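The values are calculated or read from the model by the stated rules, or taken from the named source; none is laboratory data. No experiment lies behind these values; they were computed from the predicted model shown. Using ideal geometry, Cβ is built from the backbone for each residue, glycine included, and neighbour counts are taken over all protein chains shown.
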Amino acid sequence: MSDEASIDEDNSIDLYKQVSQLYPKSFGSVQKIRKYIKSQFNVDISISEETYLMLHINRVTQRLEAKSDEI
């Protein structure tokens, strides 16, 4: 692995850790999704993919919570 690829991987892991701490509910959801994908398709999703899912799950749930607060 090149030094540049190693740095990218380290950055991905750091971002994953930060996002999982910021959004623990989304982290839990992503872990369930990861297990489901592994059991149904025998595919592992990457740290970057898990981070992406956490960010978007959190965005959707925040939007839904904001709408329910308006009611």
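Details
- Looking only at residues of segment 43-54 that are closer than 10 Å to VAL30 by Cβ and not in a loop (DSSP other than H, G, I, E, B), we find that the one that is farthest from the chain's Cα centre (by Cα) is GLU49.
- Any hit, segment 57-67, residues being touching a helix residue (DSSP H, G or I) at 6+ places or on another chain (Cβ under 6 Å), among the β-branched types (Val, Ile, Thr) and either in a helix (DSSP H, G or I) or at pLDDT below 95 (or both): yes
- Test result for ILE7, at negative phi, in a helix (DSSP H, G or I) and of a type outside the set (S, T, N, Q): yes
- Set VAL19, VAL30: member being in contact with an Asp or Glu (Cβ under 6 Å, 6 or more places away or on another chain), at pLDDT 95 or above, surrounded by 11 or more Cβ atoms within 10 Å (Cβ to Cβ) and in a helix (DSSP H, G or I): VAL30
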